[in-house]
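Let me begin by presenting the structure, written as structure tokens, before commenting on it.
Rule-based calculations on the coordinates, nothing more; no lab input. Every value quoted in this text rests on a predicted model; they were computed, and no experiment measured them. Cβ placement follows ideal geometry from the backbone for every residue including glycine, while neighbour counts extend to all protein chains displayed.
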Amino acid sequence: MTMKPLRSIWLLPVIAVVLQSASARADDEFENEPISYSDSTPDNCISRLQDDLDSGIRSLEFDSKQGYLATVLNALDVPTESQMLVFSKTSLQQQRITPRTPRALYFNDDVYIGYCHNGDVLEISAVDSQLGTVFYTLSQEEVEKPRFDRHVDNCLVCHSSSRTRGVPGHLVRSLFVNAGGQPMFSAGSRTVTHKTPIEDRWGGWYVTGQHGEQSHLGNLVIRTRRVPEPVDNSQGLNVVDLTERFDVSNYLTSHSDVVALMVLEHQTLVHNYLTKASFATRQALHHQVTMNKALGYSESNHLDSTTRRIQSAGDDLVEVLLLSGEAPITEPIKGRSGYTEWFTAEGERDSKGRSLRDLDMTRRMFKYPCSYLIYSEAFDHLPPRMSKYVWQRMWDVLTGKDESSDFDHLSPEDCIAIIEIIRDTKPGLPKYWKNTPIAQTGVSRQR
């Protein structure tokens, strides 16, 4: 496949990154059995789309202005309304990114697409139930048979660190950025999740929508050598029009939707914890088999360390699924791109018309604080030991048997609603989830 040559200003950093990643990969536990990340064959929405392209079942259309972007979004059912715009030089095609030419991101539950104006490639990260996050690029040059190229080196330098739970994962950051798009790391950098206070989010991102008097760092370009104290971002708040900041006609929409940003921050966190839960279980069980064999014990011999590793990763996953520690919203937040309407329309609804994708956006993100990613392929493909533990822990929390303070944000009404919604909409539940009358669960959790 022929690709446009990348600018020389970018080559030296890339060479350094590749050399660093080559040495770092040997230290990554997920490169060994039973995960064997780089050597395993992916199975995700991108690999399946590539199979369809190779067999001729599907094709991609090339646009002279935005390349394969629109057709790829359509093929993967990714809504254009999810568009978010980031202007920090913190990704593969950093030489293309400035506040005047932001990078666009689009996503659904299973895949994230990055687009740079006049970029060489589309950047893709796909959720893979066995491998976590798998990274691809697609050349933005018209060819007869487009091909998604997998990357297992340079992407992992940033996307497999303590910020991603030590697994191949997704990363959302907030930092101060100068007029050239360069991050001002001396002023600090923050990994953003649904736990991050609103006031610390979105540095280096454009943000459109309304949020009252709540402050944030979006739409802020630092035009001095140092970040001033205190930071004044009054001109970056409640922005609904970006046309004076850059040429919006170069993008599919004129929005960088605040609600899409908040859903992204929750979703990437849960995806990383799902991967960690899957990897930890498989690695613990593999270690158990190896130790039993080395010590001459029966294959069925149980190690306490195996249970501890599974429970630890499972507990962490349950906390993020039930939005423990979510940063409060103090005033209503409203997007303007249509993303809210798309997102809520995708929800599985119970007999009372309720969905885990129903948004609140007045005091918290979701009306019923349980992640919609329990319907995802990654959740459904958790190893049986982990799946069993997670369902039991969620049940114990929601019925009040588990009184951990991590879940004090859940009221009895929240717990009952979540149980009822999951019962009506989630196939394959454990029998006790389906058969135990709620009146007998003893729900007593307090606000």
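For the residue pairs K352/K431; K65/K367; K195/K401; K276/K431, the C-alpha atoms sit more than 28 angstrom apart in K65/K367. Pick out which of E319, E265, E31 has the largest mean-square fluctuation in a Gaussian network model of the chain, springs linking Cα atoms closer than 10 Å. Largest GNM mean-square fluctuation: E31. Just checking the listed ones, H302, H286, H409: in the Gaussian network model of the chain with Cα springs under 10 Å, the one fluctuating most is H302. Using a simple spin-label model with pseudo-atoms 7 Å out from Cα toward Cβ, F62 and N74 lie 1.7 nm apart.
Enclosing the Cα atoms of segment 8-256 in their convex hull gives a volume equal to 139 cubic angstrom per residue.
Note on H381 and D200: with the Förster distance fixed at 45 Å, the Cβ-Cβ geometry gives a FRET efficiency of about 0.85.
Segment L429..E341, full-extension length gain: 28.8 nm, with 0.36 nm per residue of separation and the alpha-carbon distance subtracted. Counted as membrane-span-like here are DSSP H helices of the chain whose alpha-carbon atoms extend 24 Å or more along the helix's own axis and whose Kyte-Doolittle mean is 1.0 or above; these are 8-25. Using all pairs of distinct alpha-carbon atoms, the Kirkwood hydrodynamic radius of the chain works out to 23.3 angstrom. Rounded, prolate or oblate: which one fits segment 265-440, using the alpha carbon gyration tensor with axes a ≥ b ≥ c (rounded when a/c is under 1.5, else prolate when a/b beats b/c, else oblate)? Because a/c hits 1.5 or more and a/b exceeds b/c, segment 265-440 counts as prolate.
Need one word for segment 106-192: rounded, prolate or oblate. Basis is the Cα gyration tensor (sqrt eigenvalues a ≥ b ≥ c); a/c below 1.5 gives rounded, then a/b vs b/c decides. In terms of gyration-tensor shape, oblate.
Using a Gaussian network model of the chain in which every pair of alpha carbons under 10 angstrom is joined by a spring, one finds that among R225, R173, R308 the greatest mean-square fluctuation is at R225. Annotation: amide H-H contacts under 5 Å for V121 (H modelled 1.01 Å from N, sequence separation of 5 or more, or interchain): Q140.
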